[in-house]
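Only one structure is covered here, and it is reproduced in the block below.
The values are calculated or read from the model by the stated rules, or taken from the named source; none is laboratory data. Source: prediction; values computed, not measured. Backbone-built Cβ (ideal geometry, glycine too); neighbour counts: all protein chains shown.
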Amino acid sequence: MLGEGILKGLTETARNFLGSYVSKDRLTTIQFPEERLPQIEATRDFPFLVYDGTEWEAGLRCVSCQICEKECPPKCIYIEKSKDKKPDATGKLQFYPTTFNIDISVCMSCQICVEVCPFDAIKMNVEFEMSSEDRFGGLLLRKEQLAKSNEYYNKIHPTEATAVDAALAEERAKAEAKARQTTEAKAATPAPMATPEAGETK
Amino acid sequence: MTPMSGYLLLSALLFSIGLAGALTRRNAILVLIGIELMLNAANLNFIAFWRYGPHPEALTGIMFAIFSISVAAAEAAVGLSIILAVYRHSKTTDLDQMNSMKG
Amino acid sequence: MTITFLLLAATTITGTAAAMSLKNLVHCVLALTLGLVSLAALYLQLGAQFVGFTQILVYVGAVAILAAFAIMMTRSAEPAVLTGSSSFRVSGALIALVVFAVLGWAVWSGTGALAVLGPEPEAPVNEIGVALMHRFVLPLEIIGLLLTAALIGAGILAMDETRRTK
Amino acid sequence: MPEMIDQIFVLLKHWLLAYVPAALQPIVSAVLSVVPVLVAFPLLFAITTVLERKGLGRMQNRYGPNRVGPFGILQPMADGIKSLTKEDIIPRTADQVVHFLAPVMLVIASFVVYSVLPIGKNMVLANLNAGVLFFFAVGSMVELSVFMAGWSSRSKYSLLGAMRAIAQMISYEMPLVLASVVVIMAAGSLSTVAIVNMQAGYTGIWPRWYVFTPWGLTGFVIFMIAATAESNRCPFDMPEGESEIIAGYYIEYSGFKFALFFLGEYLGMFATSAMAITLFLGGWAAPFSFLTWIPSYVWFFVKLLIIIMAFIWVRGTLPRLRMDQLMNFAWKFMLPLSIINIVGAGVWHLIPAGFTRWLIDSLLVIVSCVLLSRGIRRGKSFHVRTYRFAS
């Protein structure tokens, strides 16, 4: 019969129409600013810089090695390396970035900077409400906007951050042990170091 | 000058415009439009004569105009489809270039 | 000779003259529509309501659209290179002028005899319908036949040749 | 008292006219009649857009607009401000004059048709002798403006959209006119006012609408389907198919001109719906004799809103038709059926009132409907479609 399918379709849409007023379960829309879905842990959007301790400028893990700048596919990272060295969180003298800019209007959230960073200094953020009225400067994040504490990192990506913290602690412990060893060795034999030790550090 | 002569002059002008177009333009579609214009000029005459004629209640002028409009519509449809068919053969609507008898 | 008549006559002449002289064919069709609509308005002014509306329905709704379709399908919207010799164009225009002169002279000299100016006649749709069904029933049938033949004929003419032979 | 409320607008106009000098009266009278129409229908357009978006949303289990104002009813205001403040872009290669004239002509043609639609008792702008003919004649000017818009934009998409739109409009205009012929036969007049007056009576409490006859019902259904196609609405929205040619003939329009196209399209839809009401659903007449105390214009707008709801419902349900399906449906089903319907109406008037003419007419329509639907399906194998990637 001509028109049978049309009638079937019409009843279906009518059922949807009426049903959506009766049962709220039909409506799958989340009304955004008021209602929010819980974020999953793997959420990521734009990178940020992690610092240890409370002073963001002193605690930045970044040593300005510029690997992320080179690896970034859309080239949205701009780093200026410092001339001098400053002690980092562990007290070791390191270079630091005098400028660290990320243009998040260019960033494509690929996470390659995070993958390549040898110091766990750059991580992915979850904050997405970053709209700006300034068309050119508003989305260019500077060092001070990018710096976030390690506690913040622990909050947004707990599992990952714990693993990173553990790895860093282990590394530091190892480095300390080694430093102690070398000072002890230095005390024992004042002779200059031999090649096998250099190989060992590699 | 009576009102009717105004209409008749207008219709004569319309007819001449249509005739000039049909004679001078090279595009087949425009020639057809020119012929339509001449038909319209005749229609205007019929209506004017019906309006100012001695027996408007007979409706003859109106009837003639109605029939003429329908004939014009049929003519336009057939004429344009002929133009389409010719265009498919010779890839042109220019009347000067439609000079080949070969299909 | 009222002001409305003069205005409508002016638009009619402008529209149709533009339709016959513009280079771009689509502009020609649009100008033709203007001319035909004002012609329909002239019919309305003369009291022939039915004919006026029929004029709009047939010419604007069908003939102009058909012409536009034909222009699109024959790719002749762009102004073509003028090939005709200018003497031919001049002679064509001359013939039209002569025709106008003759017609104008006939109108000028002949309408004195026909000065019957009765009250504005009525042409109600009812009466037109009755007349079509009684006095003019034979022409009506013939027109119907003609339109059917034109419909079928135009369809067959415009049909693809490959499909026609199948 | 009900009589006075019914005629309140007419009385108001006469009361106002009495204060105007006699020389100006024709002009003032025209303005007083035209302005309410120019206000009421764009307002209806605004209401319809928000209703449509909300209704479609609910049919798809969404909320629809609900932010601007309470329940989102101020959404059309926001839309209007947006389209007014947007930049008006004209393509560099476009035909400037024609590009400008197209939306203007569309809106004018859409408004002019309202002059013959009786909105209430004694409420019609122009009671023309050939009102229905006027409606279709002016309605056909819409096609020309569509062509102008499509051609002048110099865009492939807009030209394709315009060609599709015109082909579709011409094809469906035929069933539209032929479907209304049955009513003209019954009423014996082309005047819309006369047609409504014919239907305004009651037998017992039941109305004498033409839709309550076999030919009237068939005509109404054909008319509504053709009206859907005429106003380019889903499922006949091929000309503006968003997924293939983006927006069809008005793709190159932006800002206010785009809004004008939108307005013109909706006004056309209201006008054809109002014509369907006038022809088949008794115009401003109340559905039962005991409901006549409700003013006539209220009934008109209630009917109009119901038809608009039906349009929205259909739009939310049906998928878009393909070009060949569209044309086959118009020429092989709608056109023959509407011609048979005219024959049916003629037979109806020849047979004296009674059960026999109901039987004969219904049989004629049903049998031809079944046969034609078989014919349209012939040579096509309908099989259950299977999807490779859906379970």
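In table form, for the structure just shown:
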| item | result |
| --- | --- |
| Subset of region D:137-156 [part of a helix (DSSP H, G or I) and at pLDDT below 85] | D:Lys156 |
| Residue in region B:83-103 that is surrounded by fewer than 23 Cβ atoms within 10 Å (Cβ to Cβ), in contact with a His (Cβ under 8 Å, 6 or more places away or on another chain) and either modelled with pLDDT under 85 or assigned to a helix (DSSP H, G or I) (or both) present | yes |
| Residue within region A:33-47 that is within 17 Å of A:Glu144 (Cα to Cα) and either within 16 Å of the chain's Cα centre (by Cα) or at pLDDT 85 or above (or both) present | yes |
| From D:Ala274, D:Ala330, residue being within 16 Å of the chain's Cα centre (by Cα), hydrophobic (A, V, I, L, M, F, W, C) and closer than 30 Å to D:Ile166 by Cβ | D:Ala274 |
| Every residue from region D:37-73 that is away from chain A (no Cβ under 13 Å), surrounded by 14 or more Cβ atoms within 10 Å (Cβ to Cβ) and either over 19 Å from D:Leu260 (Cα atoms) or acidic (Asp, Glu) (or both) | D:Val68, D:Gly69, D:Ile73 |
| Residue that is nearest to D:Pro319 (Cα to Cα), among those in region A:1-46 that are more than 8 Å from every other protein chain (Cβ to nearest Cβ) and hydroxyl-bearing (Ser, Thr, Tyr) | A:Thr11 |
| Some residue of region B:19-30 being more than 7 Å from chain C (Cβ to nearest Cβ), crowded, with 19+ Cβ neighbours inside 10 Å, within 16 Å of C:Leu39 (Cα to Cα) and more than 13 Å from the chain's Cα centre (by Cα) | no |
| Residue check, C:Ala67 crowded, with 22+ Cβ neighbours inside 10 Å, at pLDDT 85 or above and either outside the structural domain of C:Ile128 (by TED's automatic domain parsing) or of a type in the set (Gly, Ala, Ser) (or both) | yes |
| Unique residue being touching a residue at least 12 places away in the same chain (Cβ under 8 Å), in contact with a Gly (Cβ under 9 Å, 6 or more places away or on another chain) and within 13 Å of another protein chain (Cβ to nearest Cβ) when the list is D:Glu143, D:Glu87 | D:Glu143 |
| Output for region C:37-50, where each listed residue is at the interface with another protein chain (Cβ under 7 Å from one of its Cβ atoms) and either over 20 Å from D:Gly131 (Cβ atoms) or aliphatic (A, V, I, L, M) (or both) | C:Leu39, C:Leu42, C:Leu46, C:Ala48 |
| Which numbered condition D:Ser189 misses (of (1) free of Cβ contacts under 8 Å to residues at least 40 places away in the same chain; (2) part of a helix (DSSP H, G or I); (3) within 12 Å of chain C (Cβ to nearest Cβ)) | (2) |
| Number of the condition not met by A:Lys70 [criteria: (1) outside any strand (DSSP E or B); (2) over 19 Å from the mean Cα position of the chain (by Cα); (3) surrounded by 11 or more Cβ atoms within 10 Å (Cβ to Cβ)] | (2) |
| Residue within region D:117-130 that is in contact with a helix residue (DSSP H, G or I) (Cβ under 7 Å, 6 or more places away or on another chain), in a helix (DSSP H, G or I) and within 13 Å of another protein chain (Cβ to nearest Cβ) present | no |
| Check on D:Pro287, in contact with an Asp or Glu (Cβ under 6 Å, 6 or more places away or on another chain) and within 28 Å of D:Leu51 (Cβ to Cβ) | no |
| Region C:51-64 residues that are more than 9 Å from chain D (Cβ to nearest Cβ), paired with ones that are of a type in the set (Asp, Glu) (beta carbon under 9 Å, 6 or more apart) | C:Tyr59/B:Glu36; C:Val63/B:Glu36 |
| Long-range neighbours under 7 Å by Cβ, at least six apart or interchain, first residue in a helix (DSSP H, G or I) within region D:279-304, second charged (D, E, K, R) and surrounded by 19 or more Cβ atoms within 10 Å (Cβ to Cβ) | D:Ser296/D:Asp6; D:Ser296/D:Lys121 |
| Residue in region D:345-353 that is buried (at least 19 other Cβ atoms within 10 Å of the Cβ) and at pLDDT 85 or above present | yes |
| Pairs where the first residue, in region C:22-49, is in the same structural domain as C:Met73 (by TED's automatic domain parsing) and the second is charged (D, E, K, R), C-beta under 7 Å, 6+ apart | C:Leu46/B:Arg51; C:Gly47/B:Arg51; C:Gly47/C:Glu120 |
